[in-house]
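The values are calculated or read from the model by the stated rules, or taken from the named source; none is laboratory data. Note that this is a predicted model, so its numbers are computed, not measured. Glycine also receives a Cβ, built like all others from the backbone with ideal geometry; neighbour counts cover every protein chain displayed. SASA here: full protein model, heavy atoms, side chains in, ligands and nucleic acids out. Shrake-Rupley method; radii C 1.70, N 1.55, O 1.52, S 1.80 Å.
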Amino acid sequence: QVQLAESGGGLVQPGGSLRVSCAASGSIRTVYDMGWYRQAPGKQRELVATMTSGGGTNYADSVKGRFAISRDNAKKTVYLQMNSLKPEDTAVYYCYADLLVYRSILRQAYWGQGTQVTVSS
């Protein structure tokens, strides 16, 4: 069994900062990509940022220059530092991990339960 535990969401004023974290646990053999997606009310889930195990990153155009993804491979944890937050960043943020579990030969994507980020004055 694999679990992705997110933390750090909340309410912040426009222009403020917030950091969310996600720790993977369970019978994990190898973690490949980790990252964040978000889903605003009435919209489809969209990519925010991802990072490979080697440190390669990919960001949505809407967050480039404002958000920074990082990870601690030893802790199987990914972070998203969000700066200069805007009301349009309001969404449920979902952690994502592409990983291989023991006794399996197939990589699979796992998702966290989501953490709410609200940007409002």
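Considering the conditions (1) more than 10 Å from the chain's Cα centre (by Cα); (2) over 29 Å from SER121 (Cα atoms), GLN44 is excluded by exactly one of them, (2).
Residues of the range 1-48 being aliphatic (A, V, I, L, M) and farther than 19 Å from PRO87 by Cβ, which ones? The answer is VAL2, LEU4, ALA5, ALA23, ALA24, ILE28, VAL31, MET34, LEU47.
From the list ALA109, ALA49, which one is open to solvent by less than 70 Å² (accessible area, probe 1.4 Å), part of a strand (DSSP E or B), of a type outside the set (S, T, N, Q) and over 23 Å from GLY10 (Cα atoms)? Criteria check complete, one pass: ALA109. Across the range 56-73, what is the total count of residues that are open to solvent by 40 Å² or more (accessible area, probe 1.4 Å) and among the small types (Gly, Ala, Ser)? The qualifying residues number 4. Evaluation of VAL101 against the conditions (1) surrounded by fewer than 13 Cβ atoms within 10 Å (Cβ to Cβ); (2) in contact (Cβ under 8 Å) with a residue 60 or more places away in the chain shows that the sole unmet condition is (1). Scanning the range 74-85 for residues that are surrounded by 13 or more Cβ atoms within 10 Å (Cβ to Cβ) and at negative phi turns up THR77, VAL78, TYR79, LEU80, GLN81, MET82, ASN83, LEU85. Screening GLU88 with (1) under 18 Å from VAL117 (Cβ atoms); (2) of a type in the set (Asp, Glu); (3) part of a strand (DSSP E or B) gives one miss only, at (3).
Exactly one residue among GLN13, GLN44 is over 21 Å from ARG107 (Cα atoms), touching a residue at least 60 places away in the same chain (Cβ under 8 Å) and loosely packed, with under 14 Cβ neighbours inside 10 Å, and that residue is GLN13.
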